[in-house]
Every structure is written in structure tokens, then in C-alpha cells.
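Participant: Would you mind keeping the following structure in view while I ask a few things?
Read the figures in this text as sums done on the coordinates, not as results from a lab. Just so you know, these numbers come straight off a predicted model, no measurement behind them. Glycine gets a Cβ as well: all are built from the backbone with ideal geometry, and neighbour counts include every protein chain shown.
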Amino acid sequence: MSKKSTTPDTIRVRLGTFESDIMEHPTAHIFVGSKANGDNITDDLPQNGSNKPNS
């Protein structure tokens, strides 16, 4: 778990710390503006150039 001083009410949990199956599914691809040329996205999820949902 980690916290940032700029967002003290937000707790971030690393997914690798879970020992059980993760039931959540991706809802979008972020940072696709800087993905590698050979990294092909082959699903229908929205693709965002940054980490903001509507950028």
C-alpha cells in the first residue's frame, strides 16, 4: 500500500500483492500514445493517449 502527499485520501494497492484471483477487468488502454510500435492492441477497449479517461 502506498500514499501520495498530494492525494492523502487515496490509497494505492499494488495488484501483485493479492493472493486471490482478481475479478476486475480492464476498461481501457492508457498511454497508447507512447506504446511500442510492435505492441498491437487487438481488443475493442477505448484507447487513451494519456492516463486520463477522455484525452
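Participant: When the chain is fully extended, how far beyond the present Cα-Cα distance does residue 29 get from residue 10, taking 0.36 nm per residue of separation?
Facilitator: Extra length from residue 29 to residue 10 when fully extended: 4.7 nm.
Participant: Among 16, 29, 5, flag the residue with its Cα farthest along the positive direction of the charge dipole of the chain, charges on Cβ as +1 for Lys/Arg and -1 for Asp/Glu.
Facilitator: Farthest towards the positive end: 5.
Participant: Follow-up question, since we're still on this one. Using Stokes-Einstein with the Kirkwood hydrodynamic radius over Cα pairs, what translational diffusion coefficient do you get for the chain at 25 °C and a viscosity of 0.890 mPa s, in µm²/s rounded to a whole number?
Facilitator: 177 µm²/s
Participant: Run the numbers for residue 22 and residue 37: contour at 0.36 nm per residue of separation, minus the present Cα-Cα distance, in nm.
Facilitator: On the way: separation 15, 0.36 × 15 = 5.40 nm, distance 2.90 nm.
Gain on stretching residue 22 to residue 37: 2.5 nm.
Participant: With +1 assigned to the C-beta of every Lys and Arg and -1 to the C-beta of every Asp and Glu, and no other charges, what is the dipole magnitude of the stretch 1-51 about the Cα centre in debye, to the nearest 20?
Facilitator: Computed about the Cα centre, the dipole is about 400 debye.
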